[in-house]
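To start, the structure under review is shown below, and the notes come after it.
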Amino acid sequence: MTRQQFKTYPGVPYPMGVSMTSGGRMNFAADLHTKEECGVLLYLDRGAPVRLPFHMGKKVGNIYCLQVDGLADRDFKYNFYAGDEVITDPYAAVIYGNEKWGRRTDPALKGGIIRSGYDWGEDRFPMTPLSESLLYLLHVRGFTRHASSGVKNRGTFAGIAEKIPYLKELGITAVELMPACEFLELEKEKLPEPSMEEAKKRYREDPEAKETPRINYWGYKKGYYFAPKFSYAASGRPAEEFRDLVKALHAEGIELIMQFYFPPSVKQAYILEVLRYWVLEYHVDGFHLLGVRVPMELLATEPMLGNTKLFYEDVPCGEIYEGSEAPVYKNLAYYNDSFLYPMRGFLKGDENMLPQVLFCLKRNPVQAGVINYITNYSGFSLADLVSYDSKHNEDNGEDNRDGSDSNFSWNCGCEGKTRRKAVLRLRKRQMKNAMLLLLTAQGTPMIVSGDEFGFSHGGNNNPYCQDNAVNWLDWRLTEENRDFLEFVKYAAALRRAHPILHCPEELTMLDYLSCGCPDLSYHGEEAWKLNTDRQSRIAGVMYCGRYAKKNRQENDESFYIAYNMHWEAHNFALPALPEGQRWIRVCDTFEEEPKEGGARELPEEEGKETYVPGRSIRILMSSPAGRTEVPEGKQTAGKRRKRKTGVLKPESLPDAGKPQQLRKAGLTDSEE
């Protein structure tokens, strides 16, 4: 078919890309900076493309626009051209030519359109408050690609949908996807710069040698931001499958957050258009924005995004809000490493960390929330954080020079895999400690997928190019490490059930209710007295339940959380409770058995103080005297296991009486 067989008309500049008019014409609009002839390339069959010059339409600013009759009922792909250059539309709703992961099916990518409408039915945005949110970061392919995932559609949007029951059981309220718009994962391999002799040798051996492409597994690069990634769709219909995923998540009250990386070359107005599009077309609930030129002030003041969560490393609240103005719906949040480093240092026992840790536990700004995490997509996984002192990135092919050298990790006495039981016990305890540091902080916690069941990257802290078992979650670990997984579920449920542990506003440390106790208070080995000098590695944090309501009616319980990241055990004197109340233990990272038998009443001798072993965290909750029922939020999946109910006493603790250097490493004399 030739261009003479198409009737063309002047177009309209918006929307950009391709859209259908009410009269059934296709409108093409492209932002082209050129003095050469430019236009549309239509691919209708295997023959040469039809060229439709834009001079047959009109130009508004830098936007060329053209309308074409005769395409309403025809399948076609398209590109733009400017002189001899072929340009893939950055607004294309579908990208063809990269449908198969790791294999370019067409060297020239082409744009496509979404023809059929989508029935959203009764879909609603959950709009979960940040204070009630639990984020879960995952890679679409790696989440279910491993055969052990047990899903039908492995490594796809549909595969995530099959795992929704698991997400619900874990207590997740929002799934955050690593880049899931279209990007080219095949790249030229990064090789060390060869010496002159090496270059000559390579040329002598193979003068026509070509560089081997490698996988950019993560996708943090410039992409086609309007198109869901084709190879992440099991159905061959990426737009429809992505919408199905969002709709299924929403039906269970789970939000979907998209990550977008925008390099400096991406225009700020374009970023706004991208976000608007995904909210309108895909009902996305929020965005985690990455890049150095993200216009947060512009995005945060866009009315259409007022109920959309926007996460960025820095939020210029002074440019967004007037004075102390508080948002009706707090949708902005700081997303950076300000929580990660203090908590990692505290976890491994570094000195002078306590003031920063207390700040992070309390932090909950009025105008913008804060996303807390101890691990992220880059850096060590949680299991590796307690198993490696140094990175082990040799398989990346860059001589272990890539990735950060500052991991703030501790291997618990042995680098990498080991059979030493004392080391393994200490590692699991440290993982529990890390999860409680995260889940007992007042900000919004984010868990990296796989951390909840001990998935390891084998010490690789930069697995950006590993499309294999290094990154594919091994779901067999959910059984192997079931006790840890159940612990995480319990801790998340405990947080969710008690609003005092996740308040919508920052606690004041004042007794503004005149009830005899502030909303938040700090303690040490003496009640109401905290030592914050450089050597201190312990703190007791008390949350008074009278400052939060359960079910908007009754007062919440009070909580006392004893953090002991010292390698020595410590006694914590407990603040007195009102008459008729006493402290019961509801969580303890030192216990070897999973906490599935219900709350345990403290013995009389611990009524005024509690003995906390080294490198452990204990959570106490107020309860009417004589009551030992399971606390709210204590429901766990599967059959309940019987557990030992004996009380740990100082003389029975493995850490008691050991030489200091062995206690610090968490090892017994015989094992050392």
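The values are calculated or read from the model by the stated rules, or taken from the named source; none is laboratory data. Model, not experiment: these values are computed from the prediction. A quick note on method: Cβ atoms are made from the backbone with ideal geometry, for glycine too, and the neighbour counts reach across all protein chains shown. Surface areas here come from the heavy atoms of the whole protein model, side chains and all, with no ligands, DNA or RNA. Shrake-Rupley method; radii C 1.70, N 1.55, O 1.52, S 1.80 Å.
Output yes when any residue across segment 545-565 is assigned to a strand (DSSP E or B) and touching a Leu at 6+ places or on another chain (Cβ under 7 Å), and no when none is. Outline the logic, then answer.
To start, the set of residues in segment 545-565 that are assigned to a strand (DSSP E or B) comprises 549-550, 554-555, 559-564.
Of the ones still in play, those that are also touching a Leu at 6+ places or on another chain (Cβ under 7 Å) are 559-560.
Yes, there is a match, as at least one residue in segment 545-565 is assigned to a strand (DSSP E or B) and touching a Leu at 6+ places or on another chain (Cβ under 7 Å).
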Query raised in the report: (1) closer than 27 Å to residue 519 by Cα; (2) under 19 Å from the mean Cα position of the chain (by Cα); (3) touching a residue at least 40 places away in the same chain (Cβ under 8 Å): which one isn't true of residue 358, the others all being true?
Result: (2)
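Select from segment 51-105 the residues that are among the aliphatic types (A, V, I, L, M) and over 26 Å from residue 279 (Cβ atoms) and list them in ascending order.
Residues of segment 51-105 that are among the aliphatic types (A, V, I, L, M), as a first pass: 52, 56, 60, 63, 66, 68, 71-72, 82, 86-87, 92-95.
Of everything in segment 51-105, those that are among the aliphatic types (A, V, I, L, M) and over 26 Å from residue 279 (Cβ atoms) turn out to be 52, 56, 66, 68, 71, 72, 82, 86, 87.
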**Report entry** Residue tally, condition surrounded by fewer than 20 Cβ atoms within 10 Å (Cβ to Cβ) and within 13 Å of residue 475 (Cβ to Cβ), over segment 152-161
**Finding:** 1
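This table checks each residue for (1) modelled with pLDDT of 95 or more; (2) open to solvent by 10 Å² or more (accessible area, probe 1.4 Å); (3) over 17 Å from residue 179 (Cα atoms); (4) not in a loop (DSSP other than H, G, I, E, B).
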residue	(1), (2), (3), (4)
90	yes, yes, no, no
95	yes, no, no, yes
106	no, yes, yes, no
115	no, yes, yes, no
125	yes, yes, yes, no
128	yes, yes, yes, no
131	yes, yes, yes, yes
137	yes, no, no, yes
Query raised in the report: What is the number of the single condition among (1) surrounded by 20 or more Cβ atoms within 10 Å (Cβ to Cβ); (2) under 23 Å from the mean Cα position of the chain (by Cα); (3) over 27 Å from residue 182 (Cα atoms); (4) touching a residue at least 60 places away in the same chain (Cβ under 8 Å) that residue 341 does not meet?
Result: (1)
Query raised in the report: If you go through segment 50-68 one residue at a time, how many are outside any strand (DSSP E or B) and crowded, with 20+ Cβ neighbours inside 10 Å?
Result: 2
Query raised in the report: Can you name the residue in segment 517-545 that is in contact with a Cys (Cβ under 9 Å, 6 or more places away or on another chain) and free of Cβ contacts under 8 Å to residues at least 40 places away in the same chain and is also nearest to residue 440 (Cα to Cα) among such residues?
Result: 542
**Report entry** Which numbered condition residue 476 misses (of (1) touching a Pro at 6+ places or on another chain (Cβ under 6 Å); (2) over 30 Å from residue 331 (Cα atoms))
**Finding:** (1)
Query raised in the report: Of all residues in segment 264-316, which are surrounded by 15 or more Cβ atoms within 10 Å (Cβ to Cβ) and in contact with a Gly (Cβ under 8 Å, 6 or more places away or on another chain)?
Result: 266, 308, 309, 310, 311
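Please go through segment 1-30 and pick out each residue that is closer than 22 Å to residue 276 by Cβ, open to solvent by less than 80 Å² (accessible area, probe 1.4 Å) and either acidic (Asp, Glu) or assigned to a loop (DSSP other than H, G, I, E, B) (or both). Step through it out loud before you land on a result.
Initial filter on segment 1-30 (closer than 22 Å to residue 276 by Cβ): 11-22, 26-30.
Going one step further and asking which of them are open to solvent by less than 80 Å² (accessible area, probe 1.4 Å), we end up with 11-13, 15-19, 21, 26-30.
Matches in segment 1-30: 11, 12, 13, 15, 16, 21.
What tally of residues in segment 240-263 results from selecting those that are of a type in the set (A, V, I, L, M, F, W, C) and open to solvent by 10 Å² or more (accessible area, probe 1.4 Å)? Quick ask: steps written out before the conclusion?
Just the residues of segment 240-263 that are of a type in the set (A, V, I, L, M, F, W, C), to begin with: 242, 245-246, 248-249, 251, 254, 256-258, 260, 262.
Filter again for open to solvent by 10 Å² or more (accessible area, probe 1.4 Å), leaving 248, 251.
Residues that pass the stated criteria total 2.
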Requested in this report: Pull up segment 456-507, narrow it to residues that are aliphatic (A, V, I, L, M) and not in a helix (DSSP H, G or I), then point me to the one that is most open to solvent (accessible area, probe 1.4 Å).
Outcome: 469
Query - Contacts under 7 angstrom Cβ, first residue in segment 443-464 being without any contact (Cβ under 8 Å) to a residue 40 or more places away in the chain, partner of a type outside the set (Val, Ile, Thr) and open to solvent by 10 Å² or more (accessible area, probe 1.4 Å), 6 or more apart - result: 453/477; 453/481
Requested in this report: Run down 634, 595 and say which single residue is open to solvent by less than 10 Å² (accessible area, probe 1.4 Å), more than 24 Å from residue 513 (Cβ to Cβ), modelled with pLDDT under 95 and part of a loop (DSSP other than H, G, I, E, B).
Outcome: 634
Query raised in the report: How do the pairs read when you match residues in segment 409-421 that are closer than 18 Å to residue 434 by Cα and in contact (Cβ under 8 Å) with a residue 60 or more places away in the chain with residues anywhere that are surrounded by 16 or more Cβ atoms within 10 Å (Cβ to Cβ) and acidic (Asp, Glu), using Cβ under 9 Å and keeping only pairs 6 or more apart or on different chains?
Result: 409/384
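Among the helices (runs of 4 or more DSSP H) contained in segment 222-317, which hold 2 or more residues that are in contact (Cβ under 8 Å) with a residue 40 or more places away in the chain, of a type in the set (Asp, Glu) and over 30 Å from residue 63 (Cα atoms)?
Details: elements: 238-251, 268-282, 296-300.
Hits in segment 222-317: 238-251.
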Query raised in the report: Could you say whether any residue in segment 379-398 is modelled with pLDDT of 95 or more and within 30 Å of residue 322 (Cβ to Cβ)?
Result: no
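Hey, can you tell me all the residues within segment 404-444 that are among the charged types (D, E, K, R), in contact with a Phe, Trp or Tyr (Cβ under 7 Å, 6 or more places away or on another chain) and open to solvent by 40 Å² or more (accessible area, probe 1.4 Å)?
Taking segment 404-444 and keeping what is among the charged types (D, E, K, R), we get 405, 415, 417, 419-421, 425, 427-429, 432.
Of the ones still in play, those that are also in contact with a Phe, Trp or Tyr (Cβ under 7 Å, 6 or more places away or on another chain) are 415, 428-429, 432.
Of everything in segment 404-444, those that are among the charged types (D, E, K, R), in contact with a Phe, Trp or Tyr (Cβ under 7 Å, 6 or more places away or on another chain) and open to solvent by 40 Å² or more (accessible area, probe 1.4 Å) turn out to be 415, 428.
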Query raised in the report: Which pairs have Cβ atoms under 6 Å, sit 6 or more apart or on different chains, and link a residue in segment 50-71 that is on the phi > 0 side of the Ramachandran plot and of a type outside the set (A, V, I, L, M, F, W, C) to one that is outside any strand (DSSP E or B) and open to solvent by less than 30 Å² (accessible area, probe 1.4 Å)?
Result: 70/6
Query raised in the report: Looking only at segment 355-390, which residues are open to solvent by 20 Å² or more (accessible area, probe 1.4 Å) and of a type in the set (Ser, Thr, Tyr)?
Result: 377, 378, 388, 390
**Report entry** Criterion: outside any strand (DSSP E or B) and farther than 30 Å from residue 215 by Cβ - qualifying residue of 42, 71
**Finding:** 71
Report summary line: The lone condition residue 86 fails out of (1) surrounded by 16 or more Cβ atoms within 10 Å (Cβ to Cβ); (2) part of a strand (DSSP E or B); (3) of a type in the set (A, V, I, L, M) is (1)
Query raised in the report: Mind checking which residues of segment 74-83 are closer than 18 Å to residue 24 by Cα, in a strand (DSSP E or B) and either open to solvent by 70 Å² or more (accessible area, probe 1.4 Å) or without any contact (Cβ under 8 Å) to a residue 40 or more places away in the chain (or both)?
Result: 77
